[in-house]
Amino acid sequence: MQTITQLDPLRSAVAALKADGPVALVPTMGALHEGHLTLVREAAKRAAHVAVSIFVNPRQFGANEDLDKYPRHLAADSALLEAAGVSLLWVPDANVMYPPDFATKVLVDGVSDGLCGAARLGHFEGVATVVCKLFNQIGPELALFGEKDWQQLAVIRRMARDLDLTLPHADAIIGVPIVREADGLALSSRNAFLTPEQRQAAAAIPRAMQTAIAALHAGSAASSALTGLQSELRSAGFSTVDYAELRDAETLRPLTEIGEGPARLLVAARIGTTRLIDNMPL
C-alpha cells in the first residue's frame with residue numbers, strides 16, 4: 001500500500017493504478033471501524049484497486065463542534081487498510097487540501113436543507129467542497145459511502161449530477177448499507193466518545209426507530225409516530241433530539257405519510273456531549 005501526502009506523487013500513483021484497471025475511492029476521516037472496512041471490501045469487489053483518503057476536514061465542523069477531539073489513529077488505520085488490500089492511502093494535511101489562498105465553496109441547495117443542514121450550519125458546504133476536491137484529485141471510476149450519513153450521500157450525488165462529474169459519474173456513487181452493533185446501534189467513530197452507560201442507552205435509537213416504523217406501517221399518522229420516537233429517546237437519557245423526520249429517500253422532501261414512494265426515517269439526537277445520527281428505509 002502506498003501512503004501519499006502530496007498532490008504530485010498522488011497523481012503519478014493514481015495514473016499507474018489506472019493503467020492496471022479501475023480505481024474505487026472510499027473517503028474517510030479516519031478512526032476506522034468495521035463500517036469503513038465494509039466499504040473497502042465492497043470497493044474491492046467492484047474495482048481493480050481501492051484508494052482510501054483520510055482527512056479530518058475542518059470545513060465541515062462548526063465552531064462549537066468536536067474537531068480538536070475527533071479521534072485520530074493514523075498508524076492503526078493504516079495497518080487495517082493495508083491488511084484489507086488497499087492500494088493507495090491519501091493523507092493530505094489541511095494546507096495541502098486548502099492552500100492559504102483557497103477561496104472556493106461548493107453549496108448544494110435543496111438536499112442540504114433541514115436535518116443536519118439546519119443543526120450544523122455550513123456542514124454540507126464543507127462536505128461538498130472536500131468531496132469535490134477528492135474526486136478531482138483522484139478521479140475514481142466509482143466512490144463508496146456509508147448510508148449512515150444519508151443526507152451526505154444525497155448531497156454528494158446531487159453535486160455530481162449538477163456539476164456533470166464523470167470520475168465518478170453520479171450513478172457510480174455507491175451507498176453501502178449501515179453496519180450495526182449486535183444491539184442495533186449504527187457503527188460510528190463518535191461512539192468512542194460514549195461512556196459505558198451512554199453506550200447502553202444509545203441502543204434506544206434503533207429500537208425507537210423500529211417502533212416508529214411499525215406504527216407508520218400500522219396506519220399511525222407520521223406526527224404521532226415521530227412524537228413517540230422522540231419521547232422514547234428522551235426517556236432513555238438523550239438530552240435533545242435534533243430531528244426525527246420522515247423524508248423522501250432521494251430528494252429529502254418532507255413527507256407526512258408513507259406510501260408516496262421510497263422513504264427514509266432520519267434521526268439525530270444527543271447524549272452527553274455526543275451527537276448520534278441514524279436512518280432506516282421504509
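Bear in mind that the values in this text are calculations on the coordinates, not laboratory data. Computed from a predicted model, the values in this text were never measured in an experiment. Don't worry about glycine lacking a Cβ; one is built from the backbone with ideal geometry, like all the others, and counts go over all protein chains shown.
Counting every Cα pair in segment 1-70, what percent are over 18 Å apart?
49 percent
How large is Rg/Rh for the chain, to two decimals, with Cα atoms and a Kirkwood Rh?
A ratio of 0.97.
Gain in length, Arg270 to Asp93, computed as 0.36 nm per residue apart minus the alpha-carbon separation, to one decimal in nm?
Answer, rounded to one decimal: 60.8 nm.
Over segment 134-282, calculate the relative contact order: mean separation of alpha carbon pairs under 8 Å at least 6 apart, over the residue count, as a percent.
Result for segment 134-282 is 20 percent.
How high is the relative contact order of the chain? Use alpha-carbon pairs under 8 Å, at least six apart in sequence, and give a whole percent.
Computed value for the chain: 16 percent relative contact order.
In nm, to one decimal, how far is the modelled label at Ala182 from the one at Glu65, with both set 7 Å along Cα→Cβ?
Here the answer is 3.3 nm between the modelled labels.
Using Cα pairs under 8 angstrom and six or more residues apart, how large is the relative contact order of segment 8-129, in percent?
For segment 8-129, the relative contact order is 27 percent.
Using a basic spin-label model with each label point 7 Å from the Cα along Cα→Cβ, how many nm lie between Ser224 and Ala75?
In this crude spin-label approximation the distance works out to 5.8 nm.
Using the Cα centre of the chain as origin and beta-carbon charges of +1 (Lys, Arg) and -1 (Asp, Glu), tell me which of Gly30, Ala83, Leu7 is placed farthest towards the positive end of the dipole.
Ala83
Once you charge only the Cβ atoms, +1 for Lys and Arg and -1 for Asp and Glu, what is the size of the charge dipole of segment 49-203 about its Cα centre, to the nearest 20 debye?
80 debye
Assign unit charges at the C-beta atoms only (+1 for Lys and Arg, -1 for Asp and Glu), then state the dipole size of segment 126-202 relative to its Cα centre in Debye, rounded to the nearest 20.
140 debye
May I ask you to give the average projected area over all directions of the convex hull of the Cα atoms of segment 16-109, in nm² rounded to one decimal?
It is 8.1 nm².
With only alpha-carbon atoms in the gyration tensor, what are the semi-axes of the equivalent ellipsoid for segment 215-263, in Å, largest first?
The equivalent ellipsoid of segment 215-263 has semi-axes of 22, 13, 7 Å.
Work out the charge dipole of the chain with +1 on the Cβ of Lys and Arg and -1 on the Cβ of Asp and Glu about the Cα centre, then indicate which of Phe55, Cys132, Pro168 is farthest towards its positive end.
Going by the Cα projections, it comes out as Phe55.
Along the Cα-to-Cβ line of Asp8, 7 Å from the Cα, sits a label point; which residues in segment 73-92 have backbone N less than 14 Å from it?
Counting backbone N atoms under 14 Å from the label point, the list is empty.
For segment 201-206, what does the Karplus curve 6.51 cos²θ - 1.76 cosθ + 1.60, with θ = phi - 60°, yield as ³J(HN,Hα) per residue in whole Hz, taken in order and with x for Gly and Pro?
Here the 3J(HN,Hα) series is 5, 5, 5, 5, 4, x Hz.
Beyond 20 Å, what share of the Cα-Cα pairs of segment 180-282 remains, rounded to the nearest whole percent?
Tail of P(r) above 20 Å: 35 percent of Cα pairs.
Hey, rough spin-label estimate for Gln200 and Arg46, points 7 angstrom out along Cα→Cβ, what's it come to in nanometres?
3.9 nm
Could you tell me which of Ile271, Leu233, Leu255 has its Cα farthest along the dipole of segment 189-281 towards the positive end, charges placed at Cβ (Lys, Arg +1; Asp, Glu -1), taken about the Cα centre?
Toward the positive end, the furthest listed residue is Ile271.
Please report, in debye to the nearest 20, how large the charge dipole of the chain is about its Cα centre when each Lys and Arg carries +1 at its beta carbon and each Asp and Glu carries -1 there.
Dipole magnitude for the chain comes out near 180 debye.
Please identify which residues in segment 148-174 have an amide N closer than 19 Å to a label point set 7 Å out from the Cα of Glu250, following the Cα→Cβ vector.
The answer is 150-165, 169-174.
Based only on other Cβ atoms within 10 Å, what is the fewest-to-most ordering of Ile4, Ile156?
If I rank by nearby Cβ atoms, fewest first, I get Ile4, Ile156.
Could you tell me how many degrees, from 0 to 90 and to the nearest 10, lie between the Cα long axis of helix 34-46 and the main elongation axis, the longest principal axis, of the Cα atoms of the chain?
50 degrees
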